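The values are calculated or read from the model by the stated rules, or taken from the named source; none is laboratory data. Only a predicted model underlies this, so the values are computations on that prediction, with no experimental measurement involved. Methodologically, a virtual Cβ is constructed for each residue, glycine included, from the backbone with ideal geometry; neighbour enumeration extends over all protein chains shown.
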Amino acid sequence: MKSYLQLKNEGGRVAIVGTGQTKFEARIPGMTYYELAFQAAKNALADANIEPGMIDSVVYGIYNDLFERQIMPDTYIHDYLGMYGKPGTRITTGGATGGYAFRAAYADVASGLSDIAMVVGVEKAQDCYDWAQGKTTPEVLKSIAYSADMTWEFPLGVSAASSYAVLASAHMKKYGTTEEQAAMVSVKNHGNALNNPFAQSPMRITVDDVMSSRIISYPFKLLDSSLYTEGAYVLIIMNEKKVREIGVKDPVWVKGIGSSNDKSFTGLRSSIDKLGKFGDIADLRNHYKAAEEAYRMAGISNPRKEIDVAELHDAFSFTEIQAYEAMGFCERGKGGLFVEEGTASMGGDLPVSPSGGLLGAGHAVGATGVMQIGEIANQIRHKAGRRQIEIRNNNGLAHSIGGPGSSYCTVTILGGN
């Protein structure tokens with residue numbers, strides 16, 4: 001893996017040059033998934049100030065066939081965007097779909113296969129519908145549960161919430177993290193979403209509100225949990241030669257990418273295998289490894305001081321606390337104190353999820369990781385509107401996770417000139 005400094009010296013860097021999105025909402029009945037993708041793509045192309053014909057390839061982040069009720073939804077979006085004749089690839093890695101889609105597009109451009117690529121994250125979760133019973137939520141949850149092992153876990157009733165709740169409970173037991181500290185993440189991120197015009201769940205809530213909301217899967221309560229969302233987010237990325245040729249004014253360079261998968265069965269994760277130095281299930285081993293790789297590529301040695309802003313995957317509030325530690329923002333086991341002391345707040349030393357995160361902005365699964373990366377790019381470009389924070393070091397981090405027990409993780413470091 002070449003370092004960012006090597007890529008810079010060789011003129012081989014890759015930049016984000018355009019972002020575009022739709023509003024994230026619980027239900028958008030008037031638009032199909034390909035219409036949502038089209039709207040976000042149109043916005044991203046306008047932001048990048050390029051024509052659709054300049055796109056060489058597309059990577060699609062679409063998590064769940066059952067959401068779209070279509071086995072290969074990407075091929076229909078490809079047609080709708082007018083990209084026929086050009087290569088298109090689909091990525092599906094659970095909640096990490098958007099992050100891994102960006103990774104694939106980055107590799108496409110960095111390798112020289114494409115000069116300009118588009119990353120399209122989109123989801124239409126609520127089209128997954130039980131017409132016989134007239135209900136949406138049970139069908140959505142069942143379709144997500146299919147991500148679990150179908151031989152042993154699914155028959156036992158595993159859910160996305162329960163697979164992550166095990167990790168949270170392990171962290172509580174090992175380090176003494178409290179439910180109240182996790183509730184502070186929810187309060188922070190729902191509050192941050194008030195500054196995001198695209199957010200699904202902007203709310204002013206208190207720790208007591210979170211604690212009194214109904215239990216979903218202990219220790220997660222309703223307000224500890226993100227909502228499934230419909231929406232799209234699109235990024236345009238470009239190699240350095242094209243950036244110079246076109247004269248892009250505010251490119252945001254990809255400084256580092258690290259990725260790691262852990263064992264799908266959390267019960268088989270121990271601290272005595274090749275990932276052992278990163279700890280057990282309380283410590284989210286693959287998150288540590290992905291961050292380590294991203295920092296090495298970006299040349300970052302002290303993330304607590306060198307990262308200005310982060311978008312961390314908070315499908316559940318406890319997951320953000322565990323991510324503080326894995327990203328090196330605080331010592332292992334101190335994630336609860338990190339949020340409690342206000343360090344992650346908008347006015348703190350290292351603001352986390354100014355967008356509102358998944359809890360506040362929404363979790364349009366295939367689009368979520370793309371949105372997180374786009375939010376960091378716009379922070380670096382000083383185009384984040386009311387959610388803009390002070391950029392001191394020109395470094396931001398996006399963290400995208402998913403799969404059974406967070407088995408997928410990718411970390412992306414972005415920066416300006």
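Overview of results
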quantity	calculated
Selection from region 176-194 of residues that are surrounded by fewer than 19 Cβ atoms within 10 Å (Cβ to Cβ) and not in a helix (DSSP H, G or I)	Gly176, Thr178
Lone qualifier among Ala384, Ala326 - being hydrophobic (A, V, I, L, M, F, W, C) and within 21 Å of Asn196 (Cα to Cα)	Ala384
Single residue of region 103-132 satisfying the filter (more than 24 Å from Arg244 (Cα to Cα), crowded, with 17+ Cβ neighbours inside 10 Å and acidic (Asp, Glu)) that is modelled with the highest pLDDT	Glu123
Region 27-37, residues that are surrounded by 15 or more Cβ atoms within 10 Å (Cβ to Cβ), within 22 Å of the chain's Cα centre (by Cα) and part of a loop (DSSP other than H, G, I, E, B)	Ile28
Selection status of Thr368, out of contact with any Asp or Glu (no Cβ under 9 Å at 6 or more places or on another chain), part of a helix (DSSP H, G or I) and surrounded by 24 or more Cβ atoms within 10 Å (Cβ to Cβ)	no
Identity of the residue in region 292-320, in contact with a helix residue (DSSP H, G or I) (Cβ under 8 Å, 6 or more places away or on another chain) and among the aliphatic types (A, V, I, L, M), that ends up nearest to Lys221 (Cα to Cα)	Ala315
Residue within region 336-349 that is at positive phi and out of contact with any Asp or Glu (no Cβ under 7 Å at 6 or more places or on another chain) present	yes
Residue in region 318-333 that is in a helix (DSSP H, G or I), modelled with pLDDT of 95 or more, crowded, with 18+ Cβ neighbours inside 10 Å and in contact with a Cys (Cβ under 6 Å, 6 or more places away or on another chain) present	yes
Region 38-74: number of residues that are in a helix (DSSP H, G or I), of a type outside the set (D, E, K, R) and at pLDDT below 95	3
From Val109, Val58, residue being touching a Gly at 6+ places or on another chain (Cβ under 8 Å) and either in contact (Cβ under 8 Å) with a residue 60 or more places away in the chain or closer than 24 Å to Lys2 by Cα (or both)	Val58
Index of the failed condition, Arg90 passing every other in (1) touching a residue at least 60 places away in the same chain (Cβ under 8 Å); (2) under 21 Å from the mean Cα position of the chain (by Cα)	(1)
Any hit, region 350-357, residues being at pLDDT 95 or above, not in a loop (DSSP other than H, G, I, E, B) and not acidic (Asp, Glu)	yes
Flag if Leu227 is under 17 Å from the mean Cα position of the chain (by Cα), among the aliphatic types (A, V, I, L, M) and crowded, with 21+ Cβ neighbours inside 10 Å	no
Test: residue in region 75-82 that is modelled with pLDDT of 95 or more and within 18 Å of Ile373 (Cβ to Cβ)	no
In region 1-20, residue modelled with the lowest pLDDT [restricted to those that are of a type outside the set (Gly, Ala, Ser) and touching a helix residue (DSSP H, G or I) at 6+ places or on another chain (Cβ under 7 Å)]	Met1
Strands (runs of 3 or more DSSP E) enclosed by region 209-307 - at least 2 residues per element that are modelled with pLDDT of 95 or more	230-239, 252-261
Lone qualifier among Lys135, Lys173 - being loosely packed, with under 15 Cβ neighbours inside 10 Å and modelled with pLDDT of 95 or more	Lys173
Any hit, region 197-208, residues being in contact (Cβ under 8 Å) with a residue 60 or more places away in the chain and farther than 26 Å from Phe102 by Cα	yes
Out of Tyr100, Tyr60, Tyr84, sole residue that is farther than 30 Å from Lys255 by Cα and either among the aromatic types (Phe, Trp, Tyr) or over 22 Å from the mean Cα position of the chain (by Cα) (or both)	Tyr84
Residue tally, condition outside any strand (DSSP E or B) and within 24 Å of Ser301 (Cβ to Cβ), over region 374-405	10
Conditions (1) within 16 Å of Tyr324 (Cβ to Cβ); (2) surrounded by fewer than 17 Cβ atoms within 10 Å (Cβ to Cβ): number failed by Val207	(1)
Residue under evaluation Ile413, criteria (1) in contact with an Asp or Glu (Cβ under 9 Å, 6 or more places away or on another chain); (2) of a type in the set (Val, Ile, Thr); (3) crowded, with 20+ Cβ neighbours inside 10 Å, criterion not met	(1)
